[in-house]
1. Taking amide H positions as placed 1.01 Å from N in the peptide plane, with prolines and chain starts having none, which residues 5 or more places from Asp107, or on another chain, fall under 5 Å of its amide H?
2. Rg and Dmax of region 180-241 over Cα atoms: what are they, in angstrom?
3. Each residue of region 120-132 in turn: what ³J(HN,Hα) in whole Hz from Karplus with 6.51, -1.76, 1.60 and θ = phi - 60°, glycine and Pro shown as x?
4. Run the simple label-point estimate for Leu137 and Ser247 please: 7 Å along Cα→C-beta, distance reported in nm.
5. Out of Val246, Asn263, Val223, whose Cα points farthest toward the positive end of the dipole of region 209-268 (charges: +1 Lys, Arg; -1 Asp, Glu; placed on Cβ)?
6. Based on the Cβ-Cβ distance from Lys68 to Glu121, what FRET efficiency comes out when R0 is 41 Å, to the nearest 0.05?
Amino acid sequence: MAVGARSGHDDPEEGHEQLAESPAVVTDGTTEPESGIVDSGGSDTGVPGSDESDRDEPAGRSQRSFWKELPLLIGIALVLALLIKTFLVQAFSIPSDSMQDTLQRGDRVLVDKLTPWFGSEPERGEVVVFHDPGGWLDGAETPEPNVAQKFLSFIGLMPSAEEKDLIKRVIAVGGDTVQCDKGGKVKVNGHPLNETGYIYPGNTPCDDEPFGPIHVPKGRIWVMGDHRQNSLDSRYHQSLPGHGTVSTDEVVGRAFVVAWPVNRWSTLPVPGTFDQPGLSTAASAAMAAAPGALGVAGALPLVLWRRKRLTGGRTAG
């Protein structure tokens, strides 16, 4: 946010420039003394004190104008903050240890809320904030903010604390098959993930709660915390509607940066293991190849027609 104010001290300086640039007044071949020019402020009326009153009046008008505009400036700033929070970026506070060491309790993260408006959906490896799908936070304590905190949170100037939101890492998306056996690694579409770069040191991928294989329905995601032995994620909610998966409609946005505290500032990129070849499903590969197949199918009749025409021309000759 930026709050602007207009200074009321410009007029006297402009008046001084005009005096400095004005040539001396010549009357009957004699030059007026400089003291007369300064006293009159460039005026030949000879009315004493006119210069002082002229300078005071604009300053008073500027001061009154600033106080009249101040409520408007504050209103515009609040509206802009609300629009940014609603459509662009929102701050969230991390309430637990389920995403250690990537995120610590008390960290403030900024969440991108813009790209979902253009149809973007969560991708594997992203850290996302989502609303409670139902039953995930039953029994969890929710802090009760005061009126000022509620207002600041509403307009986006303070991290959301009252809403029941969660933050986890996307492991699998719609169409994927995900599983993890005790003593093994998490596998997505049969490909093991190398998670040593982000799961909590000393944790295992899933020894506390093995799962799968699970087919993730379209329009849903499978999420897990980076602190695997301290995260009630998708694995622990398979008995609820959705069988542990989260609808993409519940996703608020992707957390892309740790903004506070300053000494913890960092971005939240997608780990390289999610870019390994072959991780995408066969269906996704087929969709990627579909434009090329359609192009070939559309060009084939044209090639056959041209060949038939050329053959017919040679026969007639």
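1. Placed amide hydrogens put Ile94 under 5 Å from Asp107.
2. Computed over the Cα atoms of region 180-241, radius of gyration and Dmax are 11.5, 33 Å.
3. Calculated HN-Hα couplings, in order: 6, 10, x, 10, 4, x, 6, 8, 10, 9, 9, 6, 4 Hz.
4. 1.7
5. Projecting each Cα onto the dipole axis, the largest value belongs to Asn263.
6. The value I calculate is 0.30.
Throughout, read-outs are computed from the coordinates displayed, never taken from laboratory work. Here the structure is a predicted model, which means the values were calculated and not measured. Counting neighbours? That spans all protein chains shown, and the Cβs are built from the backbone with ideal geometry, glycine included.
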